[in-house]
Amino acid sequence: KEMAQRVTYPTVTLKEFLDVHAACEKEAIQIFMERSFKDDTFEFQKRLMSNLNAKSEKLIQKNERESSNCCKALIQEMFKTVEDGISAGKYSRTGGYQQFMEDQQAAVRRYNQAPRKGIKADEVLEEYLKGQESMSQAILQTDQALTEKEKAIEVERLRAEAAEMERQVMMKKQAELEQKLEDQKRSYEENLQQLMVKMEEDRKKLLEENDRVLTQKLKEQEALLMEGFREKADALQSQIQELRNQWEQAQDSRSLFSDALDIFGTAAMAMLPGASKLIGIGSQVLSRFVEVHLHELSQS
């Protein structure tokens with residue numbers, strides 16, 4: 001819902017879309033963390049990650065579809081004069097090829113100047129012009145104003161121009177793919193970072209509760225000893241020792257977070273494309289978090 005309210009489709013760039021998605025995802029995770037409890041196996045957080053990832057994919061596809069539709073409609077509008085000229089035989093004359101190229105280039109300029117075409121702008125234009133290659137060749141070959149040598153040179157120029165345009169489109173696709181992978185890393189790191197914060201808050205609450213119960217049990221034991229009930233006092237000792245063991249385990253935050261990372265990382269690998277590349281990121285987040293945590297402990 002937040003994405004629908006914040007995004008105007010199609011977005012100009014993929015980054016514009018991913019930035020909004022990142023902000024919405026962060027808020028969704030924060031809300032989840034505030035309401036989550038006893039999710040020891042991270043089952044509910046795994047579902048959240050899966051749902052957010054699936055929703056992101058759907059919205060990316062929607063963004064691409066909206067851009068493609070917008071660009072195709074714009075192509076029809078901007079190139080109508082050229083296509084009408086072809087149908088009317090405007091370019092089937094001596095010097096017609098030069099006129100065709102001027103009209104086509106003017107249409108390309110108008111198309112490129114149109115705002116908010118979205119991320120499919122270059123790809124749709126490249127596909128359209130590729131579809132017009134046979135017509136361009138036909139107009140070129142029938143133009144009596146050009147020599148055979150000039151026609152051959154023009155054919156090579158068109159081929160090189162088309163190849164360069166295709167290369168640019170492929171480079172843009174590759175850059176967008178890398179952006180998506182970076183967004184996966186960011187998503188994984190955001191989930192893990194907020195999980196670490198949540199676990200630290202829960203750990204502190206556990207220590208406080210443990211300390212309260214331990215203090216109470218020690219007072220009970222002391223009272224029993226003073227009243228001469230040694231057997232009952234001894235019976236409390238196992239409970240007291242268990243509480244002390246729990247306190248020591250909760251103090252070892254690095255081990256606690258490391259175990260969580262193992263479970264969380266396995267879940268991410270099962271759900272997110274390319275997630276096997278993200279486990280190193282998780283280790284970095286864990287190391288930074290624990291380093292900050294230990295520093296805070298040393299200052300307290």
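Checked against the criterion of being free of Cβ contacts under 8 Å to residues at least 60 places away in the same chain and not acidic (Asp, Glu), region 179-197 has no qualifying residue. For region 78-112, the tally of residues that are surrounded by 11 or more Cβ atoms within 10 Å (Cβ to Cβ), part of a helix (DSSP H, G or I) and of a type in the set (Gly, Ala, Ser) stands at 4. Restricting the first residue to region 135-161 and requiring it to be within 21 Å of residue 88 (Cβ to Cβ), which pairs with a second residue that is hydrophobic (A, V, I, L, M, F, W, C) and not in a helix (DSSP H, G or I) meet a Cβ separation below 8 Å and a spacing of at least six or different chains? Listed pairs, sorted by first residue: 140/146. The sole residue among 158, 181, 125 that is crowded, with 18+ Cβ neighbours inside 10 Å and either of a type outside the set (Val, Ile, Thr) or over 30 Å from residue 57 (Cβ atoms) (or both) is 125. Among the conditions (1) at pLDDT below 95; (2) within 27 Å of residue 96 (Cα to Cα), residue 188 misses just one, which is (2).
Reported count of residues in region 191-240, each being farther than 30 Å from residue 48 by Cα, surrounded by 13 or more Cβ atoms within 10 Å (Cβ to Cβ) and polar (S, T, N, Q), is 3. If the condition is being surrounded by 18 or more Cβ atoms within 10 Å (Cβ to Cβ) and touching a Leu at 6+ places or on another chain (Cβ under 9 Å), then region 34-51 contributes 42, 45, 49.
Let's see how each residue does on (1) modelled with pLDDT under 95; (2) within 15 Å of the chain's Cα centre (by Cα); (3) among the acidic types (Asp, Glu); (4) open to solvent by less than 70 Å² (accessible area, probe 1.4 Å):
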residue	(1), (2), (3), (4)
1	yes, no, no, no
8	yes, no, no, no
24	yes, yes, no, yes
53	yes, yes, no, yes
67	no, no, no, yes
70	no, no, no, yes
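The values are calculated or read from the model by the stated rules, or taken from the named source; none is laboratory data. Remember, it's a predicted structure, so these values are computed and weren't measured experimentally. Neighbour counts are summed over all protein chains in view; Cβ atoms, including those assigned to glycine, are modelled from backbone coordinates with ideal geometry. Accessible surface is based on the protein model in full, side chains and every heavy atom, while ligands, DNA and RNA are left aside. Shrake-Rupley method; radii C 1.70, N 1.55, O 1.52, S 1.80 Å.
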